[in-house]
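Structure record follows, encoded as structure tokens.
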Amino acid sequence: GFSRLQADINCMRDHLMFSSDWKYLINTAAMAFPLKTNAELVQILKIYNGSNDIEGMHRRVLSRRFRSEWIVVNDHLEKSGLNNTDPPHGIKIIRGSAYGVFSRPFVHYVIVNQKAVDLLEWSKKTYSPDEHYWSTLHHTLYNPHLHPPGGYDGDPDTKPWLAVYANWGGTKCYGFKRNSMCVFGVGDLPNLTRRRELFCNKFMFKFEPTALECMEAWIRQKT
């Protein structure tokens, strides 16, 4: 539901208010783990030079998530039986991940730009809005009127995305599948240490804890 997205918005607003010396904000899943050291992250973000790193999918947008109106009933998200209104300002919805790399100007844009604020309000009655809100604002090929700082005007379906790696079935999973995503085990470590992404998702400490301990040792050794 919307509360998941609202939590990120709250954190973004707090960071803008209480600190002026940061240039990038990265949100991560609770079960994610870094594939880069802090020094490597700093080097990579300097190369990004104000660009965001946000996933985008236009061909698999899953319109059922926003064509219908979704409401919370007894702590569960359900269809109300009504159709949702069209997105404001003629915005076309782009699907993506709830997680990304956001430049400070983009974060400021999310909080103060009227089109972004209106899209956020519209998203309250959609399913899993955290998986379309960032992507829609960032990818301007289909929304050239949005003008987000650090946005991307190319094809979202062909753009590499390096913020987070998750195994949805593209390669063998040596752990086990949970909600169609691989929970990494020891056998996944050789692949993970060769990945280019900044983070990987996901680990569960009670499942093969040696896997997470080895990843931690690997990061320390790189540092």
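The values are calculated or read from the model by the stated rules, or taken from the named source; none is laboratory data. Remember, it's a predicted structure, so these values are computed and weren't measured experimentally. A quick note on method: Cβ atoms are made from the backbone with ideal geometry, for glycine too, and the neighbour counts reach across all protein chains shown.
Report yes if some residue within the range 31-40 is among the polar types (S, T, N, Q) and closer than 30 Å to residue 212 by Cα; otherwise report no. Don't jump to the end; show me each part of the working.
Looking only at the range 31-40, we keep the residues that are among the polar types (S, T, N, Q), and these are 37-38.
This time we only want the ones that are closer than 30 Å to residue 212 by Cα, so: 37-38.
Among the residues of the range 31-40, at least one is among the polar types (S, T, N, Q) and closer than 30 Å to residue 212 by Cα, which makes the answer yes.
Residue count for the range 49-86 satisfying the condition of being outside any loop (DSSP other than H, G, I, E, B) and either within 17 Å of residue 96 (Cβ to Cβ) or basic (Lys, Arg) (or both): 7.
Among the residues making up the range 152-180, a single one is part of a strand (DSSP E or B), closer than 19 Å to residue 55 by Cα and either at pLDDT below 95 or of a type in the set (Val, Ile, Thr) (or both): 164.
Across the range 131-151, the number of residues qualifying as surrounded by 23 or more Cβ atoms within 10 Å (Cβ to Cβ) and either among the hydroxyl-bearing types (Ser, Thr, Tyr) or assigned to a helix (DSSP H, G or I) (or both) comes to 6. Restricting the range 201-223 to residues that are more than 18 Å from residue 182 (Cβ to Cβ) and basic (Lys, Arg) leaves a set whose member that is modelled with the lowest pLDDT is 222.
Going through 136, 140, 126 one at a time, which residue ends up being of a type in the set (Val, Ile, Thr) and under 12 Å from residue 88 (Cβ atoms)?
Details: 140 fails: under 12 Å from residue 88 (Cβ atoms); 126 fails: under 12 Å from residue 88 (Cβ atoms).
One residue alone meets the criteria, 136.
Looking across the range 181-223 at every residue that is in contact with a Pro (Cβ under 9 Å, 6 or more places away or on another chain) and assigned to a helix (DSSP H, G or I), the one that is farthest from residue 38 (Cα to Cα) is identified as 215. Inside the range 179-223, can you point out the residues that are more than 24 Å from residue 26 (Cα to Cα) and of a type in the set (Lys, Arg)? Passing the criteria: only 206. The condition (being under 23 Å from residue 14 (Cα atoms), in contact (Cβ under 8 Å) with a residue 60 or more places away in the chain and either within 17 Å of the chain's Cα centre (by Cα) or surrounded by fewer than 19 Cβ atoms within 10 Å (Cβ to Cβ) (or both)) is satisfied by just one residue among 53, 118: 53.
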